[in-house]
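Novice: Mind looking over this structure? Questions follow.
The values are calculated or read from the model by the stated rules, or taken from the named source; none is laboratory data. Please read all numbers here as calculations on a predicted model, not as lab measurements. So basically every Cβ, Gly included, is an ideal-geometry build from the backbone, and we count neighbours across all protein chains shown. For accessibility, only protein heavy atoms count, side chains too; no ligands or nucleic acids. Shrake-Rupley method; radii C 1.70, N 1.55, O 1.52, S 1.80 Å.
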Amino acid sequence: MKELLSKRSRLHRRKQRGRGRIQGTRSVPRLAVSKSNRSIYCQLIDDGSSQTLVGVHSKSLDNGKSINVATADQLGQLVAEKALAQNINRAVFDRRGRTYTGRIAAVADGARKAGLKI
């Protein structure tokens, strides 16, 4: 009988599966979006040199304690503006094992609105 996996280990397996397909470079970095119950983190990562090019946290928006879809959209726009300031026009989206709905999709949509090609 298969052993039941915990929620965290299932997320880790999905995350590793996605990372096997996604690779970020200096010209086209990986836009990694991770979330917790209270905040959202976005990073543009160059996997070749293991550097974070741009990092944004939802606490920098000062929207109180509620992190909703509108806040995630603003966060996507903020990360895209910082990326465009560094002459980064394209990115590969890494949802880090999460489903592409709600706040995760709102970050990608906000980045697209601000001009980042995903």
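Novice: Cβ-Cβ under 7 Å, sequence separation 6+ or interchain: first residue in the stretch 64-91 and under 29 Å from Ser27 (Cβ atoms) and of a type in the set (Asp, Glu), partner open to solvent by less than 30 Å² (accessible area, probe 1.4 Å) and outside any loop (DSSP other than H, G, I, E, B). Which pairs?
Specialist: Asp73/Ala106; Asp73/Gly110
One line per residue, one yes/no per condition, for (1) part of a loop (DSSP other than H, G, I, E, B); (2) of a type in the set (Phe, Trp, Tyr); (3) modelled with pLDDT of 90 or more:
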site	(1), (2), (3)
Ala32	no, no, yes
Leu44	no, no, yes
Lys59	no, no, no
Gly76	no, no, yes
Arg96	yes, no, no
Ala105	no, no, yes
Ala111	no, no, yes
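Novice: Sticking with this structure for a sec: Can you tell me which residue within the stretch 65-74, out of those that are touching a helix residue (DSSP H, G or I) at 6+ places or on another chain (Cβ under 9 Å) and not in a helix (DSSP H, G or I), is most open to solvent (accessible area, probe 1.4 Å)?
Specialist: Only one residue fits best here, namely Asn68.
Novice: Somewhere in the stretch 41-55, is a residue in contact (Cβ under 8 Å) with a residue 40 or more places away in the chain and touching a helix residue (DSSP H, G or I) at 6+ places or on another chain (Cβ under 8 Å)?
Specialist: yes
Novice: Without any contact (Cβ under 8 Å) to a residue 12 or more places away in the chain, surrounded by 19 or more Cβ atoms within 10 Å (Cβ to Cβ) and among the aliphatic types (A, V, I, L, M): does that describe Ala32?
Specialist: The answer is no for Ala32.
Novice: Taking Gly55 as meeting all but one of (1) open to solvent by 80 Å² or more (accessible area, probe 1.4 Å); (2) over 15 Å from Gly110 (Cα atoms); (3) modelled with pLDDT of 90 or more, write down the number of the exception.
Specialist: (1)
Novice: So how many residues does the stretch 1-30 have that are closer than 23 Å to Ile118 by Cα and at pLDDT 80 or above?
Specialist: 3
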